[in-house]
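Input: a single structure, listed below in structure tokens.
Values quoted throughout were computed directly from the atomic coordinates according to the rules given, and no laboratory measurement underlies them. Small disclaimer: the values here were computed from a predicted structure and weren't measured. When we count neighbours, we look across all protein chains shown, and the Cβ atoms used for this are built from the backbone with ideal geometry, even at glycine.
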Amino acid sequence: MKKTITEKIQKPIAIELSDAVAHAVKQCEVDVITSYPITPQTLILEKLSKLKASGKLKAEFVNVESEHSSLSAAIGASASGSRVFSSTSSQGLLYMAEMLPIASGLRLPIVMVNANRAISAPINIWCFSKEAKILMKDLSYKQISEVKIGDDVLGKDSRGNLVFTKVKNTFKRKVENLVKVKTEKFDLFCTSEHKFYYHPTHDHWTTAKSLKNKNLHWFGYGFNEDEQFKKGWLSGVSDGDGCFFRDKKNRFSFRLKVKDEEIVKKFVEWSRELGFNMREVDYHKKRGFFMAICTKNKESERLKKFLEKKEEYDFCRGYLAGIFDAEGSGPFKIKQVVIYNSNPSIIKYVSKILKILNISFKVYSDKRRGGFRIRDNYHIKINNVPEFFVKCRPVLERKRNNILQMTLKSVKSKIKVLDVIDINKEMEVYNIETESKNYIVNGLLVHNCDHSDSMFVKDGCWIQLYCESVQETYDTIIQAYKIAENKNIQLPVMICIDGFYLSHVMENAELLEDRKVKAFVRNFIPQKKLDCKKPITLGHVASPEHYYKFKEQQEKAMNYSIDEIKKINSEFAEKFKRKYGDGLIEEYNLGNAETVFIALGSLCSTIKGAIIEKNDKKIGLIRIKSFRPFPKKEMTKLLNKKIKRIIVIDRSLAFGTDNPVYSEIKKLPLNKEIKMKNFVLGLGGKNVTEEELFGIINHFDSFKEVNIL
């Protein structure tokens, strides 16, 4: 019997969060999954649906017409004694709001993943105007409005490697507030919060409205295969693998002889398209060569003149593509494009047109013996492979695919954003969702989340656990069922992951064996269930004399869960050698810290990066994993040590009062000497940079008590 991936894997693998969630749900042997799609959690349901279709997931998959119905179905299934999973995001979570306190009030141990995303209004999904051009798999550009589901485009994986990635969804809507990103070479209209790849070393993204005067990594901006490009390509292939010759009978002809049939077919196709009688022949096919010939005197003379070298831009692009298809190699071990030729005049011309196209290169020569004579052999090396491939895209598919040997660090060219201008008029805008969660538009890599949704429902008596990574999310789902199903808790658990920043990320994670997960979680034994043989009533009317007692029991269960979360975290660490602080909060660099950040979710990774960059032992971080129940005693104990300054970061607003995280910290009995300030960062998925964090540290005293940045 073939083993599943989770039965075989015992070491970290690169896995997307949605896959990790789906595997955890399968391993926990969930009985019912309720489903309604909403970006950015849709991927989770898609992966679960695939597992169900393959027969690896035995759960009942319930598709419904809304998020309200999704949680309603989950409540019904859980009340009937089933182990249940669901997921949602943003407006979907708010649409569930009526049912959230019912799930907790009925004491149902449902587990749900919420992919945190900003809530409307305004709608917080990013888009481009229809003129934006997407870099496709064949390295041509296509207008975003014409891109379809299933198309392959170029993007990057989590390690920075270039990959071909499928388009999974397309979006279109009308908006009024856009920005025009004005560059040295083109203007790009998009929503102000759309993210652009800015700093490959730290995998940083920055928003469109923050791009002014920034230099972005640029793949180059290709053009269509017009007549001049085709002309240039024919000329380049001809100089590489073709020849004109006159025989003893004074007959003038052209011959192309190569080992790639694709080159011959394209050469014949474009030659005929441009008015020449070129044909394929199979004279040397048995020896592995493919040929094209033109045998008429005047036709061949006209072809030779037609293919004369020019300095027109598109002709130059085509020529380089052609000579690379004929005599180029790489990028493999050397991570360079190399063009070989022994003709000094061709090398001189290639050097000249590379300068015209503004592509940096170096020419090398070496001595090689051929028969009884020595001749120079030249090769031209080009380091900026992605830009070369986009500007001068090879026609030969196997050579185009060589771009996948490259990483984003190979993109040497930069393009400067001159200005970002607000555009206040209604426009139709588009976006696409890809498997790699990014794509290239007009030569720029582009890629949304805050905690507004989950904070909006924080007091619905759901346990709320915030995760920082793919690994933690996978582990937390496994622990969540054990927490929720504890006989003294019996409360639903909401696992919160940052939309896009985490929901669409691929990271290394270790998947446990199915049998080990089963042994840890154990079979679900419901404390109560609707059963015709043993009738009970759930959700009946409670008089004022009794209502408060139900709420008191929920409060006791929530408080009880504090120690249980810590206990399960320790048990998990003992069995699987992974833990997340004490399960409630996680300390980072707190030993001698005098200034401490307090935050939730994936933003903590950026804060850790900033602390490492600053290399300051007096700066630390407390990451809150459990926001409900809130770890008051644990937090008070930590903050009353040597801490002098507290920077509390919220990613949501509580209008007219203290913001959610700040409110919890402010209520703690802390030393009066401690200075504390609140910073609201990352609203609507706005990027939070290390530089921004450095600014908060360096200018702490100049900030107000509450700051929205």
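Figures for the structure shown
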item	result
Reachable lysines from Lys549, criterion Cα separation under 20 angstrom, eight or more residues apart if same chain	Lys487, Lys528
DSSP-defined beta bridges in the chain - what % are antiparallel, rounded to 5	70 percent
Sites matching trypsin sites (Lys or Arg not before Pro) across the range 213-319 that sit in DSSP coil, with at most 12 neighbouring C-beta atoms within 10 Å	Lys248, Lys249, Arg251, Lys259
Under 20 Å from the Cα of Lys249 - lysines, other chains or at least 8 residues apart	Lys296, Lys298, Lys304
Partner lysines for Lys172 [C-alpha distance under 17 Å; skip if fewer than 8 residues away on the same chain]	Lys130, Lys133, Lys142, Lys148, Lys425
Per-residue [θ]222 nm for the chain (sum of -39500 (n - 2.57) over DSSP H runs n ≥ 4, rounded to 500)	-9500 deg cm²/dmol
Derived scalar couplings ³J(HN,Hα) [the range 473-487; Karplus, 6.51 cos²θ - 1.76 cosθ + 1.60; whole Hz; x for Gly, Pro]	4, 4, 5, 5, 4, 5, 5, 4, 5, 5, 5, 4, 8, 4, 4
Sequence-distant residues sharing a close amide H with Ile110 (under 5 Å, placed H)	Val493
Percent of beta bridges antiparallel (DSSP, the range 574-670, rounded to nearest 5)	30 percent
Over the range 256-404, relative contact order from alpha-carbon pairs under 8 Å, at least 6 apart, %	20 percent
Taking the convex hull of Cα positions in the chain, its mean projected area over all directions (nm²)	39.8 nm²
Where N is the number of residues in the range 220-297, Cα Rg divided by 2.2 N^0.38 Å	1.17
Whole-number percent relative contact order across the range 606-707, with pairs defined as alpha carbons under 8 Å at least 6 apart	30 percent
Sum of side-chain charges, Phe361 neighbourhood, beta-carbon under 10 Å (Lys, Arg +1; Asp, Glu -1)	+3
Span per principal axis, largest first, for the Cα atoms of the range 433-532 (Å)	61, 36, 28
Neighbour-limited loop hits for chymotrypsin sites (Phe, Trp or Tyr not before Pro), the range 634-688 (at most 10 other Cβ within 10 Å; DSSP other than H, G, I, E, B)	Phe655
Whole-Å semi-axes of the ellipsoid equivalent to the range 147-271 (Cα gyration tensor, √5λ, descending)	45, 17, 16
Whole-number percent relative contact order across the range 86-157, with pairs defined as alpha carbons under 8 Å at least 6 apart	25 percent
